[in-house]
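**Student:** So that we are looking at the same thing, I have put the structure below in structure tokens.
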Amino acid sequence: MTKKTRRRYTAEFKAAAVARLDEPGETLSSVAQALGVAATQVKTWRLEQQAAGSAEAVARRRAEASELQQLRRDNKRLQEENEILRKASAFFVRWAEKA
């Protein structure tokens, strides 16, 4: 019994195979046959790409939510500082009028 070596495919090859599925008239079977791989393998590559894309979207949404939360905190702090300066300004105006 001879041992088969496992074939390894580059990320670019996998991406190109999945991109071919979007072309008109291309099916999972036809792409797999043209590339000399199993149809299930092409399907797996497509699912992996979709999962990676959704993971990136989730990470991007989390980053945006975190940034929005930080901006809201900064905005509140700046509004409080502005209110303090407004009150101090009014105080010094009254103080200068008395003197």
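The values are calculated or read from the model by the stated rules, or taken from the named source; none is laboratory data. Just so you know, these numbers come straight off a predicted model, no measurement behind them. Positions of Cβ are generated from backbone atoms using ideal geometry, with glycine treated the same way; all protein chains shown enter the neighbour counts.
**Student:** Does any residue of segment 56-65 turn out to be in a helix (DSSP H, G or I), modelled with pLDDT of 90 or more and in contact with a helix residue (DSSP H, G or I) (Cβ under 9 Å, 6 or more places away or on another chain)?
**Tutor:** No, every residue in segment 56-65 fails to be in a helix (DSSP H, G or I), modelled with pLDDT of 90 or more and in contact with a helix residue (DSSP H, G or I) (Cβ under 9 Å, 6 or more places away or on another chain).
**Student:** Taking the residues in segment 1-15 that are without any contact (Cβ under 8 Å) to a residue 24 or more places away in the chain and in a helix (DSSP H, G or I) as candidates, determine which candidate is surrounded by the most Cβ atoms within 10 Å (Cβ to Cβ).
**Tutor:** Here the residue is 13.
**Student:** A further question follows. Pull out all pairs, ordered by first then second residue, where Cβ-Cβ is under 6 Å, the residues are six or more apart or on different chains, the first lies in segment 69-84 and is surrounded by 10 or more Cβ atoms within 10 Å (Cβ to Cβ), and the second is among the polar types (S, T, N, Q) and not in a helix (DSSP H, G or I).
**Tutor:** Listed by first residue and then by second, the contacts come to nothing, as the list is empty.
**Student:** Follow-up question, since we're still on this one. Going by the structure shown, is residue 96 surrounded by 10 or more Cβ atoms within 10 Å (Cβ to Cβ) and either in a helix (DSSP H, G or I) or of a type outside the set (Gly, Ala, Ser) (or both)?
**Tutor:** The answer is no for residue 96.
**Student:** Residues 37, 18: which one is crowded, with 16+ Cβ neighbours inside 10 Å and not in a helix (DSSP H, G or I)?
**Tutor:** The conditions single out 37.
**Student:** Further, regarding this structure: Here is a list of conditions, (1) of a type outside the set (Lys, Arg); (2) surrounded by 13 or more Cβ atoms within 10 Å (Cβ to Cβ); (3) part of a helix (DSSP H, G or I), and residue 51 meets all of them except one; can you say which number that is?
**Tutor:** Answer for residue 51: the failing condition is (2).
**Student:** For segment 21-34, which positions are surrounded by 13 or more Cβ atoms within 10 Å (Cβ to Cβ) and in contact with a Leu (Cβ under 9 Å, 6 or more places away or on another chain)?
**Tutor:** 21, 28, 31
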